[in-house]
Amino acid sequence: MNITTMMRGLQNGEGKPLLLADEGKLEQIRNHPFYAPHVKTCREKAERFSKQDIRSIKYSYFKLFDETGDRTEFQRIYMEHREMLIAFAMACLIDGTHAADLEDIIWAICDEYSWCLTAHFQYGGTKVVETLNDPPRGDGKMRPYYRKQETMIDLCAAATASILAEVTAMFEDKLAPIVVYRARTLIRERVLEPFMQINTPFFWETAEFNWSAVCAGNIGIAAIYMIDDSRMLAPILSRVTDAMDCFLTGFGEDGVCQEGLGYWDYGFGNFIYFADLLRRRTDGAIDLFENDHVRNVALFEQRSFLNGVNTISFSDCAPQVQYEYAIAYYLKKQYPEVEIPPLACAKPMMGNTEYWTTVVRSFLWSDPEEPIRPFSDQDLYLPDAQWVISRKTMGGHTAAFAAKGGHNDEPHNHNDLGSFLFDVDEEVFLCDLGGGLYTKQYFGDERYQMLVNGSQGHSVPIVDGIFQKEGRQSCAEKVDAVIGEDAVTFSADIAKAYPGSGLKSLLRKLTFAKKENPSLLIQDTAVFADAVRPLTERLITKFPVTVEKNQAVIRGNKGELVLTGSKGTFFVSQTSYKRKADEPDVEVYLLDLILNPNEPGQTGGDDTDGRTREVSICASYRQRKNDSQ
């Protein structure tokens, strides 16, 4: 943003209060039944944490990521510190209690060697920086240098700065001056000054994904609380809003977050928190919400739910996501067309264990009087992301379908051209697994060998034993969607994802029939440059499967999906993957329809020139027999 515009806006609001809450709202939080379970959790957490010692992060945990790629032990204590701060600060806000505990946890966070996660050090956390920087040259020029670990700014370092800045501002009269002073000194030394130093820009300042919003937005929040003088503040916030522009560029005009709803919550949520505070600080003179593109991005949340908490889990998105009260209620007040999802899909207000900004705003921005309605039916084609989404309630069943084209170099990329999901009554019979456990290897050379990231873990074809390849050149072509009253059809040529397979084209056509017993028809037509090659239709499910030749049954808890192949034989195998370190492995069934060249009727191709192979699978829903009474 033009620095003059920023300066004038800041001067317009100079000296005006930034209050997030008034006593009337706090009184409602204390007494309204809507808030009762959340306040109860807050008080219980604060009491439990007050009896618990604050653990320090041992060096043996700090060095683990460098040595083994493990980030769990370090982050468990790091995030525990933030969860304790949230509990004590919320108790202090609602009841005026636990101020001494709040002082202790702020002090402990100040004791951390760095606020940057070990996984995000560009050169490793155990390196001595002075040995990495080149010695000064005699020509007097300025050159980039490695920043010390204490001044590296990642998602969590920036968030820590904004948390401490906001908490010390809100509770300054309840905290010891030395605690406030120490926190603010480190915010300045570790985040604000490094951000404005003459050095190479941080990579995330031009990132077109959540890092730019989270890092820059939290720096902006910290700066607004820390700097009163508009002349000092304007250059920082101008740089912050430039990064926000890059973040918004990452969304197509359709508003889709290709990383999925969880990352939309994270990135766009931090955009909201900063934009709201900037509007307050400028007394409305600068309003980032007065933008049609931002409006389209705001609609992504309601479009992302399949049914219940089941979400469109492309890329590293979780298969189930609960929405944040803060984001949904705030956006509803900005844009009337926003729909707040059912309360059963909401994350508890104290459920975000890492980010104070989200928790406190969930309490302060939610509105017990706002009417909440069930999910409405929807049919959408989102052309920039090449996603189709459909949800329909009929005959007592709610069915949902989503599929994607795109390319294999998307943020948090999976090799997944043609991947899809099919959900009936909150049971995802054919699923996209979403993300796995984050380790160094997960983001390294081994990424696409892992089940959840490679096409081997997606409901897409395997051609002559070849899986899809990563890269921007692996892109869907001839993408089309036809949305009708009774059916939705999505088609795309995904052959470019299979280099070396001999394919000329691989047209995938998916037809979702919106009827009392919903169904999905999967049709693939593979055209080879010469003779046909082996083809396997892979389907992914988390429910048990039984097979008999060209028919398979996926058994859910409420219903079943019966799959019939036009040719070939079904085989099923079982595997698992790790999603979260503290949870059991997730069991997965790989259902393969194999077109066997030695089987009668399968030799050669399916057309006269022997170069084309066609196969279809009809997946029909039926209620479990023992549930039909």
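For (1) closer than 24 Å to W356 by Cβ; (2) free of Cβ contacts under 8 Å to residues at least 12 places away in the same chain; (3) not small (G, A, S), each residue gets a yes or a no:
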{"residue": "G255", "(1), (2), (3)": "no, no, no"}
{"residue": "F268", "(1), (2), (3)": "yes, no, yes"}
{"residue": "I272", "(1), (2), (3)": "yes, no, yes"}
{"residue": "R280", "(1), (2), (3)": "yes, no, yes"}
{"residue": "A298", "(1), (2), (3)": "yes, no, no"}
**OP:** Scan the stretch 583-622 residue by residue and report those that are open to solvent by 80 Å² or more (accessible area, probe 1.4 Å) and either at pLDDT below 85 or assigned to a strand (DSSP E or B) (or both).
**Re:** E587, N598, P600, T603, T608, E614, R622
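Each row is one residue, and each column tells you yes or no for (1) under 30 Å from Q334 (Cβ atoms); (2) of a type in the set (S, T, N, Q); (3) modelled with pLDDT under 95; (4) assigned to a helix (DSSP H, G or I).
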{"site": "F363", "(1), (2), (3), (4)": "yes, no, no, yes"}
{"site": "P374", "(1), (2), (3), (4)": "yes, no, yes, no"}
{"site": "A385", "(1), (2), (3), (4)": "yes, no, no, no"}
{"site": "N415", "(1), (2), (3), (4)": "no, yes, no, no"}
Original post:
So D104 fits all but one of (1) part of a loop (DSSP other than H, G, I, E, B); (2) surrounded by 13 or more Cβ atoms within 10 Å (Cβ to Cβ); what number is the exception?
Top reply: (1)
Subject >> For T97: the one exception among (1) in contact (Cβ under 8 Å) with a residue 40 or more places away in the chain; (2) in a helix (DSSP H, G or I); (3) over 24 Å from R188 (Cα atoms); (4) open to solvent by 40 Å² or more (accessible area, probe 1.4 Å) >> reply: (2)
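Consider I286 carefully, then state whether it is part of a loop (DSSP other than H, G, I, E, B), farther than 28 Å from E410 by Cα, open to solvent by less than 20 Å² (accessible area, probe 1.4 Å) and in contact (Cβ under 8 Å) with a residue 12 or more places away in the chain. Outline the logic, then answer.
Details: part of a loop (DSSP other than H, G, I, E, B): yes; farther than 28 Å from E410 by Cα: yes; open to solvent by less than 20 Å² (accessible area, probe 1.4 Å): yes; in contact (Cβ under 8 Å) with a residue 12 or more places away in the chain: yes.
The answer is yes for I286.
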Original post:
In the stretch 1-24, how many are assigned to a helix (DSSP H, G or I), within 33 Å of the chain's Cα centre (by Cα) and buried (at least 17 other Cβ atoms within 10 Å of the Cβ)?
Top reply: 3
**OP:** Could you check the stretch 155-227 for helices (runs of 4 or more DSSP H) lying wholly inside it with 3 or more residues that are hydroxyl-bearing (S, T, Y) and either open to solvent by less than 10 Å² (accessible area, probe 1.4 Å) or at pLDDT 95 or above (or both)?
**Re:** 155-170
Original post:
When you scan the stretch 305-314, how many residues do you find that are touching a residue at least 60 places away in the same chain (Cβ under 8 Å), in contact with a helix residue (DSSP H, G or I) (Cβ under 8 Å, 6 or more places away or on another chain) and not hydrophobic (A, V, I, L, M, F, W, C)?
Top reply: 1
Original post:
If we keep just the residues of the stretch 45-57 that are surrounded by 15 or more Cβ atoms within 10 Å (Cβ to Cβ) and not charged (D, E, K, R), which is farthest from I86 (Cα to Cα)?
Top reply: I57
**OP:** Hey, could you check the stretch 289-344 for residues that are closer than 24 Å to L430 by Cβ, part of a helix (DSSP H, G or I) and hydrophobic (A, V, I, L, M, F, W, C) and say which is most open to solvent (accessible area, probe 1.4 Å)?
**Re:** A344
Subject >> Qualifying residue in the stretch 365-372 (condition: in contact with a strand residue (DSSP E or B) (Cβ under 7 Å, 6 or more places away or on another chain) and of a type in the set (V, I, T)) >> reply: no
Original post:
In the stretch 128-169, how many are in contact with a Phe, Trp or Tyr (Cβ under 7 Å, 6 or more places away or on another chain) and of a type in the set (S, T, Y)?
Top reply: 2
Original post:
Pick from G435, G457: which is touching a Phe, Trp or Tyr at 6+ places or on another chain (Cβ under 8 Å), closer than 30 Å to T68 by Cα, among the small types (G, A, S) and touching a residue at least 24 places away in the same chain (Cβ under 8 Å)?
Top reply: G457
**OP:** May I ask you to list the residues in the stretch 234-276 that are part of a loop (DSSP other than H, G, I, E, B) and either touching a His at 6+ places or on another chain (Cβ under 9 Å) or of a type in the set (G, A, S) (or both)?
**Re:** G250, F251, G252, E253, G255, Q258, E259, G260
**OP:** Need at least 1 residues that are open to solvent by less than 20 Å² (accessible area, probe 1.4 Å) per element, so show me which strands (runs of 3 or more DSSP E) inside the stretch 425-543 make the cut, counting only ones lying wholly within it.
**Re:** 427-430, 461-463, 471-475, 487-493, 503-513, 519-528, 535-541
Original post:
From Y263, Y273, which residue is farther than 24 Å from Y381 by Cα and buried (at least 20 other Cβ atoms within 10 Å of the Cβ)?
Top reply: Y273
**OP:** Working only within the stretch 104-127, note down all residues that are charged (D, E, K, R) and in contact with a Phe, Trp or Tyr (Cβ under 9 Å, 6 or more places away or on another chain).
**Re:** D104, E112, K127
Original post:
Can you tell me which residues in the stretch 25-39 are open to solvent by 40 Å² or more (accessible area, probe 1.4 Å) and either of a type in the set (D, E) or within 26 Å of A165 (Cα to Cα) (or both)?
Top reply: E27, Q28, R30
**OP:** Return only the number of the condition from (1) surrounded by 13 or more Cβ atoms within 10 Å (Cβ to Cβ); (2) over 28 Å from L117 (Cα atoms) that C42 does not satisfy.
**Re:** (2)
**OP:** Can you tell me which residue among K625, K549, K578, K558 is at pLDDT below 95 and in contact with a helix residue (DSSP H, G or I) (Cβ under 8 Å, 6 or more places away or on another chain)?
**Re:** K558
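The values are calculated or read from the model by the stated rules, or taken from the named source; none is laboratory data. Quantities reported herein were computed from a predicted structural model and do not represent experimental measurements. With ideal geometry, Cβ positions are generated from the backbone for all residues, glycine too; neighbour counts draw on all protein chains shown. We work out accessible area using only protein heavy atoms, side chains counted, and drop any ligands, DNA or RNA first. Shrake-Rupley method; radii C 1.70, N 1.55, O 1.52, S 1.80 Å.
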